[in-house]
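Visitor: Below is one structure. I have some questions about it.
None of the figures in this text is laboratory data; all of them are computed from the coordinates on show. Computed from a predicted model, the values in this text were never measured in an experiment. When we count neighbours, we look across all protein chains shown, and the Cβ atoms used for this are built from the backbone with ideal geometry, even at glycine.
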Amino acid sequence: MTEKQKRKKGYRDILLWAWVTIRLIDTTDVYSGCDIPLNPLNLIPFIASTQHHEFHHMNFIGSYASTFTWWDRICGTDSHFIAYNEKVKKAAKMTE
């Protein structure tokens, strides 16, 4: 194996383990059912949240994205989730 091939394999291995680590953290977060406020994954735009995942199991219509919610936005499968969030926000304002 040449030096260039070894370096390429090293980068591939690092990227693989970085992806596996991020996915494990994300899966643990989403399936825990707890919204952790200081979760570093919340800094990633369009990442699926606990609320997104719970709504998927509550409604069974839409919110199919496992990691990035932009797929739901592009495919139009997040309309029920957006409507539900609006109702929750309105109800919270009324109780204040």
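Visitor: What is the angle, in °, between the Cα long axis of helix 79-95 and the longest principal axis of the Cα atoms in the chain? Nearest 10 is fine, range 0 to 90.
Guide: Orientation of helix 79-95: about 50 degrees from the principal axis.
Visitor: Determine the dipole magnitude for the chain: charges of +1 sit on the beta-carbon of Lys and Arg, -1 on that of Asp and Glu, nothing else is charged, the reference point is the Cα centre, and the result goes in debye to the nearest 20.
Guide: Rounded to the nearest 20 debye, it is 560 debye.
Visitor: Can you give me the relative contact order of segment 3-95 as a percent, contacts being Cα pairs under 8 Å and 6 or more apart?
Guide: Result for segment 3-95 is 17 percent.
Visitor: Right, here's the next one. For Ile47, which sequence-distant residues (separation of 5 or more, or a different chain) have an amide H within less than 5 Å of its own amide H, given hydrogens modelled in the peptide plane?
Guide: Close amide H contacts, sequence-distant or interchain: Thr69.
Visitor: Treating cross-link reach as a plain straight distance, find the aspartates and glutamates whose alpha-carbon is under 20 Å from the alpha-carbon of Lys89, omitting any fewer than eight places away in the same chain.
Guide: Cα-Cα hits under 20 Å: Asp35, Glu54, Asp78.
Visitor: I would also like to ask the following. Zone of Trp71 (label point 7 Å along Cα→Cβ, backbone N under 15 Å): which residues in segment 10-33?
Guide: Residues passing the 15 Å test: 23, 27.
Visitor: State the answer as a single residue: which of His52, Leu16, Cys75 lies farthest towards the positive end of the charge dipole of the chain, with beta carbon charges of +1 for Lys and Arg and -1 for Asp and Glu, about the Cα centre.
Guide: Towards the positive end, the residue furthest out is Leu16.
Visitor: So what's segment 1-89 giving for Cα Rg divided by 2.2 N^0.38 Å, two decimals?
Guide: Its radius of gyration relative to the 2.2 N^0.38 Å reference: 1.41.
Visitor: Positive end of the dipole of segment 3-95, charges at C-beta (+1 Lys, Arg; -1 Asp, Glu), about the Cα centre: which of Tyr31, Ser66, Thr95 has its Cα farthest in that direction?
Guide: Highest projection toward the positive end goes to Ser66.
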